[in-house]
Structure formats: C-alpha cells, structure tokens
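Structure first, commentary second.
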Amino acid sequence: MASGDSFALRRRRMARPNASLLLLFALSGVCLPARAPAQVPEAQAETEAELEALVEDGLLAEEAQPALSELLREGVDLSTAPREVLATLPGLSRADVEALLLAREQGARGTDVAQVLAPAQRSQLAPFLRASDGAAHALSGRARLATVFAATDGEPPPALLQLRLAVGTWLSAGLVLASTRQQPGEVRWDEARHELWTTPPVLSLQLPRGYARVALGRWEVLAGTFRVGFAQRLTLDTTGRPEPDGALADVAVLSPASAASSCANADGGCGAQGDGTRATPDFRWRDGFRGLAASVRNVELAHGVTLSASGFASLAPRTLSPSELVDRARCPEPRSTNAACRAPAATVEGASEGRLARSALPGLLDEAAGGGHVSVQLGPQAHVGLTGYAAAPLWRAGAASLDVQESSRLPDGGPFGAVGVDGGLGLGLFTLLAEAARSFDSVRGRGGDVALLQRTLLSGPAEELELQLRYYGPDYDNPYARPPAAPDEEEGLRARNEAGARLALLTHQLAPWRLRGTVDVSHELRTEDGQFLPRISSSLRADGDALGGVTPTVLLEQTHRKVTEAACGAPSCGSDTLRATVRVRARLTRWLDVAVQYRHAVELAGGEAPAQGGSALLEVAARPGAFLRIRSRVRWSAPDLLAPDLEGHGATGTVEVDWRAPAGLLAHVGYRLTPDLATAPGSPGPEHRFHLDVEACW
C-alpha cells in the first residue's frame, strides 16, 4: 500500500502548471470516468449557521446550501463516500475527485485519502469529514435537540428532535419529531361558499420525517421519506446534489424564518393576538417523497459491462399556500383573467375568525408518484441511462373542484411526468455528458415539451473548463427538474422557456489565487410580443491562499437583461446590475480570526438614475479553548444608499457559542438581534432571537 506521503508527493507534481503535460494527456487517450462533478463553490464554514451566513453575504449560491448543510451535519468518510458525495464537497474539481478515488483504489484509507489534496483544501474540508470506525456491525448514532424563540413570543417555543441510528454500513434509520404552533388545523372546502375553512392553529406534535434503510451487497432498500435524483438533473432530481445517483434518506429540516406577527389573518381579526407582537415561526421542511425506494448496483452483464437500476413509489402530502389554489367549478378556463379565477378565500374559524394571510395549508392534496432509472456502464469511459417518472394529484374528499394556479410549481389539470435518456463518454481529458427529456402534463392546450442539456468538460491537473448548452421548451412543465437555468421563473419554474449556454472556468494556475469564472447567455423562447430578450450574466471570483495570515476573496458579478417595450415604456431598453464584493479574513493570533466584507451594487434600468446599494459586515471568531468557539458578527445592508430616513436599511448582530466535548457532545447557543431602523410610527421594534442546539454522537 502506498503511503500518504507518496500520494501527497504525486499530487504536488500533478499541480505544477505545465501546458505540454495537458496536451500530452489529451492526445494519449487516457480515459477518465464519464461521470463528472459540477463545479461547487468555495464554502469555508464550520457550522450550518456559517453556511446560512455565506448565502446572506452573497458568497454561496442558495441552491448549494441545503446539500452542504446535510454533509456538514452527517459527516463524510473519504474512505467509503460515493462519487456523488465527493462531488458535492466544497472546493473540489473533477481532478480532485478522481485523485481521491484513485487513492482509495490503491489502498489508501482514513486520513491517507485526503493527503492527495492541497493543505488549503484539507483545511476547508475538515469540518465536513468524519473518521470511519471500520467495524461492520458497530452501532453509531446521532441525536439532536433544538429550539428557537423570540423574546416577544409568549407561547411555548418550537422544538425539534432529530435522531439517526446506524449499524455499520448495512442498516440505518432516522426520524424527526417537531412541535408546531402556527400550522392551521383541519382544512375543508365549502362547496356552497366556494371558500376554504380551517380551524385555528394549536400546539401539536408532528412526525414529518422518518426512514429505515437496509444495504446488503449490491442491493439497497429504503422505506420512509426520501429524495431522489439521477443523471444531469433534467428529468428527475429533488436531492440538491450536483451529480445525484439514486434515493437519499430525508430527515432534513430548515431553521425557522424571521419572526413575524403572531396574527395570521389578513384583516387583523385576531382578537388579543392582533397586538403586533412577534412570534417565532415553526421549523420547516420541504415536500418530498414518502414510500419505498430500491436499487441494485453494478450487476455484470458482460466483461466490462454492468447494469444498475433504481425504482421508487410514493404517496406523499403536498402543502399549498392559499394563493396557489383555484376553483375550477367557477373558473373552468385555465389562465383566465376573470375575477372568478382568483384564489379562493381561506378563512380561520372560531374566535379569531378572519381571512388567512399566510401559512401553508396541509391536508388538501396528496401526490402519488413512481419512477426509476436504469443505467448501463460500458467500461470505465462510457454509460447510457434511462429515467422516467409519473405523478398524479389526489385531492382529498370534498375538494375535487380545486386545482392549482399556473403560478404554482405543480402543473395544473391533473397527472404529469417526464421521461429522459442520458449518456456520457470520456475521451482523455475531455468528458461529454448529455440528457434529453420529454415532459407530459394535463395542462389544456399543452401536454408537455422537450428539453436538452449537454455538458463538455476539459479537466487538467490545475484547471477545469466546462461548457453547458441547454434548451428547455416553452411548455416543459416539470416540477422535479433541477438543471442549470437562468434565475428567473415562469409559472413557478426556472427550467423552462429558455435556450442558453454557460462557460465556467476553474484554475489554480495563478498561484496563490484560485479563480472561478462563469459567463451565461440565454434568451426566452416565447414572449408575449415575440421580442428577442437576451440575458447575460457573468462572474469572476478570486480566492487567495493565506499569506501572512491574510486570506482575501474578491467577487465581481454582472447581469444584463433586455425587457419588453411594455415593461419600460420605450422601444428598446434593458436593466443592468453590477456587484463587487471584497472580503478579507485575517488570523490575528492562533485563536483569533477577524473578517471584514463590503458589497456594493449598482442597478441601471431604462435610462433612470442608477440605484446604489451596499452591505458591510464585521465578523470575529475566537477559540479560547480546545473545545470552545465563540463567533460574533455585525451586518448592515441598504438596498438604496440614498433613501431618506434609513428606509429599507437593515442590521443584524449575532453571537454564537459552540462547545464540542471530546465525548461527542456538541452544544450551540446563539443570540440574534435585529434592530428596527425604520423611523415610521408603529414599527414593531427590535427582534431578540435565541437559538439552542444540543447534539450527541456515539
């Protein structure tokens, strides 16, 4: 077995900038596996709160945060983690993932696997990693108890219990128990009044997540709540991972949103609750699949040819907001502007009777879904696959006349689904990946559309270049597609009605800087007046290695979008947004870090005067002991720096204390202050929010 030192030495030699070496590899025909990880942004974080802060600071894409939070909480064993997990870890290129897999193939285990990475990468990944106990029947577990509450909240705070148990790698189980206080009670549809009625929220105990998983050799069976995804995410993906490949147990929970008024009614008819006091929202979870999923991996069909297959069946509730609904008995024509096609009223019964203003409505809709994926691996450099699913909404008793509005993510009209084919081919340093899909739905006058996604990657020892070409038809109505797309939405979905190309570059050639650059060009395929409406966005991020204890980050972003004549009142006009972010982290002593950041944005639209906004933060992290970490940050933001009377300005201050005991106990205590900077009378005042999170591992 090769030593960790030999792996590290080989890695250093590979990382030397050498154009002739790149050319030699490209011409030699050395084939790498045709499954390539997407580029994952840098994310220097030790806790989930820090990941959320990076999203707030504009340094981490919001869609990347849930998957990273999951890996941070569960931990990753580099000795056994599959390729899709390694591809999700922050800061790793395709060459890094291949180097980790090669080290494992050559016998490296434990910490030796990580020695193929640069020291800065190992430091970045350290919070995400866990060591393997190496025992096939060892019992391990993780229990978490959390609560969040606001100082002005007079009700019992929401609480959460997450529990995971595992026996080696072959058996695992988990569940989530959560108390809810703001979820509406029983929901019913009144056919006579054409209105929704619900009972007032009460304190209740929910079991939203739970699973049991058995893995024996090539076979794996998962029962309970899960997420699933395959290929290039064009046909089916709910995992949030860059390269999904199967079903994942789902016990993910989101932190409560900011405190809001304790009155949920639009007309304020809450009685004593209508005094404007703030209540802490409940813990949240996304709708997912619930049922049974099974897979078999790497069944040999012939020499060098293997088959893998996965399938699932689900019957899961779907949570809808009142604004997503429409009464088809009064509005038979979808997408009509008639007043009868507005969302029906949702009324809270009882002493606090009034129109429901917020909160999602449970108990109205179930979704039956099923599908699967079959993939054939043709040697190490090629594969082909087939993915498909079908889903049908099942409205509960008494709500048969209801449907969803076109603004909902779910297609209206009835059953929907998609089927797609994918493939990959490795040619030296080149990797070609593609997926084509066809959606099916019950939307009147549509019925679905086609979508295409193709990726070409060039991966070298110190750089990675990716070209994406995409086409999503105007009627590609697939709520379970998660491919790359422009940030705007049409009828609740991003991946539809656009054609575009994206070029992304990652390079370590300009040491000590690591550069990530992207250019994305797209346009809408169908517009109301047939105009050509291009969208161009680009970004350049430079992360420097620590030099003298100082680690800089610079991020430049640009977005241009042409808008219609009706939107701006001129024959041709567009909007431009420019953003610049500078962040500097300094290690003042062995136990004290300080970070400062400023972000400035300029918006130009329709020949008007430019609007300028900005945000700034100061962050201090201290380690006064081996097991104690204290982190504090102050953040100020202003969407319009020239606004009078601090209108729109916001500020937050947080203090977090993490104590990690050697026995596997982790305690997190947090305090967040959001002062009220508004000068208008009747403002709700500052928010004082507390967070307690205790986790035990064994």
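Listed values, structure above:
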{"quantity": "For Ala247: the one exception among (1) among the small types (Gly, Ala, Ser); (2) closer than 29 Å to Ser401 by Cα; (3) crowded, with 24+ Cβ neighbours inside 10 Å", "calculated": "(2)"}
{"quantity": "Test for Ala309: is it at negative phi, surrounded by fewer than 18 Cβ atoms within 10 Å (Cβ to Cβ), assigned to a strand (DSSP E or B) and of a type outside the set (D, E, K, R)", "calculated": "yes"}
{"quantity": "Flag for Ala215 being at pLDDT 90 or above, part of a strand (DSSP E or B), surrounded by fewer than 22 Cβ atoms within 10 Å (Cβ to Cβ) and out of contact with any strand residue (DSSP E or B) (no Cβ under 7 Å at 6 or more places or on another chain)", "calculated": "yes"}
{"quantity": "Residue match in the range 169-187 (condition: more than 27 Å from the chain's Cα centre (by Cα), open to solvent by 60 Å² or more (accessible area, probe 1.4 Å) and under 30 Å from Arg342 (Cβ atoms))", "calculated": "yes"}
{"quantity": "Test set (1) open to solvent by 40 Å² or more (accessible area, probe 1.4 Å); (2) within 29 Å of the chain's Cα centre (by Cα); (3) of a type in the set (Val, Ile, Thr) - Thr652 fails condition number", "calculated": "(1)"}
{"quantity": "Condition check for Arg516: touching a residue at least 60 places away in the same chain (Cβ under 8 Å) and either open to solvent by 50 Å² or more (accessible area, probe 1.4 Å) or not hydrophobic (A, V, I, L, M, F, W, C) (or both)", "calculated": "yes"}
{"quantity": "Top-ranked residue in the range 447-460 [being crowded, with 18+ Cβ neighbours inside 10 Å and not in a strand (DSSP E or B); ranked as modelled with the lowest pLDDT]", "calculated": "Gly460"}
{"quantity": "Selected residue [outside any loop (DSSP other than H, G, I, E, B), among the small types (Gly, Ala, Ser) and either within 22 Å of the chain's Cα centre (by Cα) or at pLDDT 95 or above (or both)] from Ala499, Ala485", "calculated": "Ala499"}
{"quantity": "Among residues of the range 652-673, those that are closer than 16 Å to Ala621 by Cα and in a loop (DSSP other than H, G, I, E, B), counted", "calculated": "0"}
{"quantity": "Residue in the range 469-481 that is at pLDDT below 90, under 27 Å from the mean Cα position of the chain (by Cα) and either crowded, with 19+ Cβ neighbours inside 10 Å or part of a loop (DSSP other than H, G, I, E, B) (or both) present", "calculated": "no"}
{"quantity": "Considering residues of the range 332-380 that are basic (Lys, Arg), surrounded by 15 or more Cβ atoms within 10 Å (Cβ to Cβ) and modelled with pLDDT under 85 only, the residue nearest to Glu98 (Cα to Cα)", "calculated": "Arg358"}
{"quantity": "Those residues of the range 423-442 which are open to solvent by less than 10 Å² (accessible area, probe 1.4 Å) and either touching an Asp or Glu at 6+ places or on another chain (Cβ under 8 Å) or outside any strand (DSSP E or B) (or both), in sequence order", "calculated": "Gly428, Leu433, Glu435, Ser439"}
{"quantity": "Subset of the range 395-421 [free of Cβ contacts under 8 Å to residues at least 40 places away in the same chain and either buried (at least 20 other Cβ atoms within 10 Å of the Cβ) or more than 25 Å from the chain's Cα centre (by Cα) (or both)]", "calculated": "Trp395, Arg396, Ala397, Ala400, Gly414, Pro415"}
{"quantity": "Strands (runs of 3 or more DSSP E) (entirely within the range 115-189) containing at least 1 residues that are basic (Lys, Arg)", "calculated": "139-150, 159-167"}
{"quantity": "Residues within the range 605-621 that are among the aliphatic types (A, V, I, L, M) and more than 29 Å from the chain's Cα centre (by Cα), tallied", "calculated": "3"}
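The values are calculated or read from the model by the stated rules, or taken from the named source; none is laboratory data. Predicted model, so just to flag it, every value in this text is computed and none were measured. A quick note on method: Cβ atoms are made from the backbone with ideal geometry, for glycine too, and the neighbour counts reach across all protein chains shown. These accessible areas exclude ligands, DNA and RNA; they are computed on the full protein's heavy atoms, side chains included. Shrake-Rupley method; radii C 1.70, N 1.55, O 1.52, S 1.80 Å.
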